[in-house]
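Novice: The following block contains the structure, expressed as structure tokens.
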Amino acid sequence: MKLIDGNTIAKSIIEDLTIKVSRIKKGKPCVAFIRVGKDPASISYVRKKQKTAEAIGIDSELTILPEDISQDALFSKIDILNKDDRINGILIQAPLPDHIDETATFNRVSPDKDVDGFHTLNIGKLCQEDPSGFVACTPAGIVELIRHSKIDTEGKHVVVLGRSQIVGKPSALLMIRKELPGNATVTICHSRTQNLHKITQQADILIAAIGKAHFVTKAMITKGVSIIDVGINRIPDASKKSGFRLVGDVDFEEVSPFCEHITPVPGGVGPMTVAMLMQNTLNAFLKKHSIKM
């Protein structure tokens, strides 16, 4: 079993981005974060993203809005950032309150500043294999994990557990594209899939993004599978100061001995998501100023 170390791979990408940003002679990339409410996880995620941006040399600014903000008021703030020439990327931290339409909010962001890759136009470009669009950060990170780990995807069967617009669907699109990593045969499974274990047992590569702790067990896989575990689930743990610990969608202890490759949680996909956000932000800056690196 080979552990895929997302921390190490993300560190190498961040070091490369730091060098590239230092070579920019005029101006600086800048990413704007919008956080609605006081969700503890969202606070932690945004803080980490800002810290990474600072380490690279990317400017960032944070707008904190109240939980009860109206959708129109949120859209007005996004519109201001869309028009601000200093801002190259805009990230709306999910989840949003129930009264806010998440898809409409993502689509309010200018496609040229949509460093999260959630805008309809950028998803459409991904479908068309148009490299000028932004790819959602977690799926882009998954691709880099596979690339750096030298996992062969050509003609392989990739099973994606989950059909979200943020992870499942774009991951499937990346795996079927006509380049490497890609050229795979892809099956998408979800909560309505029948005989799920029979499908997951066929996987050469399993991308687990279903949002349920320890959902994937030994009975669901075949020996030699490579697993990318996207899940980040909190479960009670009295031994931890926080009272909980983070686990993935895969029962790591049970499954890992039978895997060719597997990502840990934490320390697998998570760091890559942040690294790819920074990559998208730099790309947005370079595109705007017609700079090639």
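Novice: In the range 206-293, if the dipole is taken from +1 on Lys/Arg beta carbons and -1 on Asp/Glu beta carbons about the Cα centre, which of F252, V230, L282 is farthest to the positive end?
Specialist: L282
Novice: In nm, to one decimal, how far is the A94 label point from the I19 one, both placed 7 Å along Cα→Cβ?
Specialist: Simple spin-label model gives 3.4 nm for this pair.
Novice: If you don't mind, there's one more thing I want to ask. Using 0.36 nm times the number of residues separating F244 and K150, minus their current alpha carbon distance, what extension gain do you get? Numbers along the way, then the final one.
Specialist: On the way: separation 94, 0.36 × 94 = 33.84 nm, distance 3.38 nm.
Result for the pair: 30.5 nm of gain on full extension.
Novice: Which length gain, in nm to one decimal place, applies between K28 and S290 when the Cα-Cα distance is subtracted from 0.36 nm times their residue separation? If you can, show how the numbers build up before the last one.
Specialist: Working: separation 262, 0.36 × 262 = 94.32 nm, distance 1.38 nm.
In short, 92.9 nm is gained.
Novice: If you don't mind, another one. What is the packing order of peptides 193-202, 19-28, 255-264, taking the mean over residues of other C-beta atoms within 10 Å and listing the highest first? Could you put the intermediate results ahead of the total?
Specialist: Details: 193-202: 14.2, 19-28: 11.9, 255-264: 19.4.
So the order, starting with the most tightly packed, is 255-264, 193-202, 19-28.
Novice: Find how much the distance from F75 to E254 grows on full extension, using 0.36 nm per residue of separation minus their present alpha carbon separation; answer in nm with one decimal.
Specialist: Numbers: separation 179, 0.36 × 179 = 64.44 nm, distance 4.59 nm.
That pair, F75 and E254, stretches by 59.9 nm at full extension.
Novice: If I fit a long axis through the Cα atoms of helix 6-22 and take the longest principal axis of the Cα atoms of the chain, what angle between them do I get, 0 to 90°, rounded to 10?
Specialist: Between the helix axis and the principal axis of the chain, the angle is about 20 degrees.
Novice: For the chain, what proportion of DSSP beta bridges, expressed in % and rounded to the nearest 5, is antiparallel?
Specialist: Working: 4 of 34 bridges.
Bridges in the chain that DSSP calls antiparallel: roughly 10 percent.
Novice: Okay, moving on. Just check the range 137-269 against the gyration tensor rule for me: Cα atoms, a ≥ b ≥ c as the square roots of the eigenvalues, rounded for a/c under 1.5, and otherwise prolate or oblate depending on whether a/b exceeds b/c.
Specialist: On the way: a/c = 1.65, a/b = 1.50, b/c = 1.10.
Since a/c reaches 1.5 and a/b is larger than b/c, the shape of the range 137-269 is classed as prolate.
Novice: Still on this structure, please answer the following. Going by how many other Cβ atoms sit within 10 Å of their own, how do M278, M220 line up, fewest first? Numbers along the way, then the final one.
Specialist: Numbers: M278 28, M220 22.
Exposure proxy ranking, most exposed first: M220, M278.
Novice: Something else: For the chain, what's the relative contact order in percent, using C-alpha pairs closer than 8 Å and at least 6 residues apart?
Specialist: Numbers: 566 pairs, mean separation 60.9, N = 293.
It comes to 21 percent, rounded to a whole number.
Novice: Compute, for the range 65-224, the length of the dipole vector about the Cα centre, with Cβ point charges of +1 (Lys, Arg) and -1 (Asp, Glu) only. Units Debye, rounded to 20. List each step's numbers first, then the result.
Specialist: Working: 18 positive and 19 negative charges, 187 e Å.
With Lys and Arg at +1 and Asp and Glu at -1, about 900 debye.
Novice: Here is a further query. Let me make sure I get this right: for the range 27-119, a, b and c are the square roots of the gyration tensor eigenvalues over alpha carbons, sorted descending. Under 1.5 in a/c it's rounded, otherwise prolate if a/b > b/c, else oblate. Which is it? Before the final figure, lay out the partial values.
Specialist: On the way: a/c = 1.91, a/b = 1.25, b/c = 1.53.
Because a/c hits 1.5 or more and a/b fails to exceed b/c, the range 27-119 counts as oblate.
Novice: Using a Förster distance of 45 angstrom, determine the FRET efficiency expected from the C-beta separation of E67 and Q194, and round it to 0.05. Show your work: numbers first, answer last.
Specialist: Details: r = 39 Å, r/R0 = 0.87.
About 0.70, to the nearest 0.05.
Novice: Provide the packing ranking of 166-174, 134-142, 182-190, i.e. peptides ordered by the mean count of other C-beta atoms within 10 Å per residue, highest first. Don't skip to the answer; put the middle values down first.
Specialist: Working: 166-174: 23.1, 134-142: 27.1, 182-190: 17.4.
The peptides rank, most packed first, as 134-142, 166-174, 182-190.
Novice: Taking a ≥ b ≥ c as the square roots of the eigenvalues of the Cα gyration tensor of the chain, is the shape rounded (a/c under 1.5), prolate (a/b larger than b/c) or oblate? Kindly include the intermediate steps, with their values, before the conclusion.
Specialist: Numbers: a/c = 1.64, a/b = 1.42, b/c = 1.16.
Note, shape of the chain comes out prolate.
Novice: Is there a pair in K48/K83; K113/K240; K25/K48; K51/K223; K38/K198 whose C-alpha atoms are over 30 Å apart, and which pairs would that be?
Specialist: Working: K48/K83 26 Å; K113/K240 39 Å; K25/K48 27 Å; K51/K223 39 Å; K38/K198 41 Å.
Where the Cα-Cα span goes over 30 Å, the pairs concerned are K113/K240; K51/K223; K38/K198.
Novice: Going by alpha carbons, how many degrees (0 to 90, nearest 10) lie between the helix axis of 71-83 and the longest principal axis of the chain?
Specialist: Result, in degrees: 70.
Novice: Here is a further query. Nothing charged except the Cβ atoms of Lys and Arg (+1) and of Asp and Glu (-1): what's the magnitude of the dipole of the chain about its Cα centre? Round to the nearest 20 debye. Show your work: numbers first, answer last.
Specialist: Working: 38 positive and 33 negative charges, 120 e Å.
That gives a dipole near 580 debye.
Novice: Test of understanding: ordering I100, I228 by Cβ neighbours within 10 Å, fewest first, what list do you get?
Specialist: Working: I100 19, I228 30.
Fewest-to-most ranking of I100, I228: I100, I228.
Novice: Moving on to the next point. Over the Cα atoms of the range 118-201, what is the Rg over Rh ratio if Rh follows Kirkwood?
Specialist: Values: Rg = 12.8 Å, Rh = 13.2 Å.
Here Rg/Rh amounts to 0.97.
Novice: While we're looking at this one, here's another question. So which GluC sites (Glu not before Pro) in the range 102-208 pass both tests, a DSSP loop state and at most 16 other Cβ atoms within 10 Å of the Cβ?
Specialist: Working: sites: E102, E129, E144, E154, E179; in loops: E129, E154, E179.
Sites meeting the loop and neighbour criteria: E129, E154, E179.
Just so you know, all these numbers are worked out from the coordinates, no wet-lab data involved. This structure is a prediction, so every number in the text was calculated from the model and none was measured. We place every Cβ from the backbone using ideal geometry, glycine too, and count neighbours over all the protein chains shown.
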